[in-house]
Amino acid sequence: MAGPDPELTATLQPDVPHAARIWNYWMGGKDNFQSDRAAGDAVAEAYPEIVVMAQQSRGFLVRAVRHLAAEAGIRQFLDIGTGLPTMQNTHAVAQGITPDARIVYVDNDPMVLVHARALLASTTTQGVTTYVPADYHDPERILAEAARTLDFDKPIAVMFMGVLGYEPDLEVVRSIVGRTMAATASGSHLVLWDGTNTSPAVVSGAQRLAENGGVPYILRSPEDLAGCFTGLTMVEPGLVPIPLWRPDDADAVGIDAYGAVARKP
């Protein structure tokens, strides 16, 4: 296997806190540097639940993909804003249920690309897993590249998992989601979660992230996030705190992050 692209590796900037690496640190991963851990710890001092949120976000992903593959018959997944590979990634969950599932990951981060090339490989011989280097602000490019792997005449699950807060303008966020979903067939699904401004502590944590060199992340209200699902039909239980979306644990409790799965009529 070829090693990482030296040009990409040179852009990693270990002394600068990096969003994907900070999230990797909160999730218990090893692909992070001291600058990332320092920024992550600063956020956790103000908002200790951020570590729980990071872990719960992966649980939501697993349950949503499991539902789509096992119950909704989805065989194609477009995961936009992938982040660093950790455990139980989209392709592993989907192909574990339906071996012929086809997954396209999308991210514009050089470090994510380095890792994705090495780690995001299909878990079955029947399935396909590919990676598109692109920015979610350019959905038309994403759609064109994804069409090399996915059949847009058949249902696709489009996923935005805790990434849209990097865009400060809510109308731009809704435009990105809307333009992407407009290209998909009837029976496609949108899976979306994001951090919400539902407690003073989480707002303080976001402020600490920016103060410590992290890229600012905009927390929105659940009502703002609900607008991203306009024209779609929510799957039960609707837009809820992510630990409460079809939980495996009967004792699950809410957190300052809301998500939902919705079907395109």
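The values are calculated or read from the model by the stated rules, or taken from the named source; none is laboratory data. Just so you know, these numbers come straight off a predicted model, no measurement behind them. Cβ sites come from the backbone with ideal geometry, for glycine too, and all protein chains shown count toward neighbours.
Worth pointing out:
- Failed condition for residue 152, given (1) buried (at least 19 other Cβ atoms within 10 Å of the Cβ); (2) in contact with a Leu (Cβ under 8 Å, 6 or more places away or on another chain): (1)
- Entry remark, region 176-199: residues being part of a helix (DSSP H, G or I), aliphatic (A, V, I, L, M) and under 17 Å from the mean Cα position of the chain (by Cα) number 3 in total.
- Output for region 45-85, where each listed residue is surrounded by fewer than 17 Cβ atoms within 10 Å (Cβ to Cβ) and more than 20 Å from residue 158 (Cβ to Cβ): 45, 48, 49, 51, 52, 55
- Taking first residues from region 105-116 that are in contact (Cβ under 8 Å) with a residue 12 or more places away in the chain and over 13 Å from residue 145 (Cβ atoms) and partners that are of a type in the set (Lys, Arg) and assigned to a helix (DSSP H, G or I), the Cβ contacts under 9 Å between residues at least 6 apart in sequence or on separate chains come to 111/21.
- Considering each residue of region 118-125 in turn, none proves to be part of a loop (DSSP other than H, G, I, E, B), modelled with pLDDT of 90 or more and within 14 Å of residue 78 (Cα to Cα).
- A search for C-beta distances below 9 Å between a residue of region 184-199 that is modelled with pLDDT under 95 and any residue that is assigned to a strand (DSSP E or B) and of a type in the set (Phe, Trp, Tyr), counting only pairs 6+ apart in sequence or on different chains, returns nothing.
- Of all residues in region 200-251 being assigned to a loop (DSSP other than H, G, I, E, B), of a type in the set (A, V, I, L, M, F, W, C) and modelled with pLDDT of 95 or more, the one that is surrounded by the most Cβ atoms within 10 Å (Cβ to Cβ): 245
- Single residue of 129, 82 found to be among the hydroxyl-bearing types (Ser, Thr, Tyr) and under 15 Å from residue 191 (Cβ atoms): 82
- Total residues in region 104-125, condition of a type in the set (Val, Ile, Thr) and closer than 11 Å to residue 83 by Cβ: 2
- Residue match in region 189-211 (condition: on the phi > 0 side of the Ramachandran plot and out of contact with any Cys (no Cβ under 8 Å at 6 or more places or on another chain)): no
- Pair list, Cβ < 6 Å and 6+ apart or interchain, from region 72-86 residues that are in contact (Cβ under 8 Å) with a residue 60 or more places away in the chain and under 11 Å from residue 103 (Cα atoms) to residues that are assigned to a strand (DSSP E or B) and aromatic (Phe, Trp, Tyr): 79/105; 80/160
- Within the set 213, 227, the sole residue that is under 29 Å from residue 141 (Cα atoms) and among the small types (Gly, Ala, Ser) turns out to be 227.
- So residue 168, is it in contact (Cβ under 8 Å) with a residue 40 or more places away in the chain, loosely packed, with under 15 Cβ neighbours inside 10 Å, outside any strand (DSSP E or B) and not hydrophobic (A, V, I, L, M, F, W, C): yes
- The single residue among 44, 64, 38, 54 that is in a helix (DSSP H, G or I), touching a residue at least 24 places away in the same chain (Cβ under 8 Å), of a type outside the set (S, T, N, Q) and in contact with a Pro (Cβ under 8 Å, 6 or more places away or on another chain) turns out to be 38.
- Scanning region 140-186 for residues that are of a type in the set (Gly, Ala, Ser) and under 16 Å from residue 64 (Cβ atoms) yields 157, 162.
- Matching residues in region 88-128 - criterion: being surrounded by fewer than 24 Cβ atoms within 10 Å (Cβ to Cβ) and among the hydroxyl-bearing types (Ser, Thr, Tyr): 98, 122, 123, 124, 125
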